[in-house]
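Enquirer: Sharing a structure with you now.
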Amino acid sequence: MARYLWFLFPIAFLVADEPLPPPATHTVFSGDRGFCAVSDVDKQVTTVHRVKDDQSPGEVLWQIPGWHRALYLSKDGRHLVIGYSGYNLIPLDYRKDMIMLTFYAEGAGVREIPLNRLIFNFGKLKRTVSHYEWGSLVGFDSQGRFRVETVEGRTMLFDPATGKRVDR
């Protein structure tokens with residue numbers, strides 16, 4: 001019997017990709033919850049607010065066009081990073097120049113980071129059932145840098161004001 005079970009072994013390692021939830025208006029908060037970004041799917045705009053005492057959006061500080069699934073707001077509310085909408089999974093027919101990160105400072109676009117600036121050895125991408133896993137968008141660290149980790153075991157830190165990589 002055991003000799004016939006060998007064919008099940010590879011199946012155990014296949015992981016079904018979970019579909020993303022449908023687009024919906026959502027809110028993300030800065031690390032200290034002093035600011036929030038509301039990405040409105042109906043209005044197709046993302047607005048950064050100062051947060052009221054009751055934790056609801058208050059004064060509008062700035063906004064950018066579009067609804068965005070993956071948002072990361074800095075503690076001071078001045079910087080927003082838009083991550084790739086598929087989070088850690090990219091399509092099988094990915095393009096190396098596809099934009100993975102977009103940095104904004106008070107509503108102005110600062111820099112876009114393509115996949116080929118995050119992944120150097122594309123042979124390290126991890127195949128899932130229907131995508132490749134490239135890494136993860138960790139978010140802002142305690143020093144205000146934006147952190148990315150790749151499947152290559154690389155940790156990258158970015159200055160949100162410039163979108164440029166910084167040393168540890």
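Rule-based calculations on the coordinates, nothing more; no lab input. Remember, predicted model here, so these are calculated numbers, not experimental data. Cβ placement follows ideal geometry from the backbone for every residue including glycine, while neighbour counts extend to all protein chains displayed.
Enquirer: Under the √(5λ) rule applied to the eigenvalues of the Cα gyration tensor, what semi-axes describe the equivalent ellipsoid of the chain? Give them in Å, descending.
Expert: Values: eigenvalues 231, 73, 42 Å².
After scaling each eigenvalue by five and taking roots: 34, 19, 14 Å.
Enquirer: With point charges of +1 on the Cβ of Lys and Arg and -1 on the Cβ of Asp and Glu, referenced to the Cα centre of the chain, which listed residue (22, 49, 136) lies farthest in the positive direction of the dipole?
Expert: Of the candidates, 136 comes out farthest on the positive side.
Enquirer: So what is the 222 nm mean residue ellipticity for the chain from helices alone, if each DSSP H run of at least 4 adds -39500 (n - 2.57) and you divide by all residues, rounding to the nearest 500 deg cm²/dmol?
Expert: Numbers: 1 runs with 4 residues, N = 168.
Counting only the DSSP helices, I get -500 deg cm²/dmol.
Enquirer: On to the next question. Under 26 Å between alpha carbons, and skipping anything fewer than 8 positions from residue 75 in its own chain: which lysines qualify?
Expert: Leaving aside lysines fewer than 8 places away in the same chain, those within reach of residue 75 are 43, 52, 164.
Enquirer: Shifting gears a bit: Considering only C-alpha atoms, what is the centroid distance from the range 19-55 to the range 96-168, in Å?
Expert: 21
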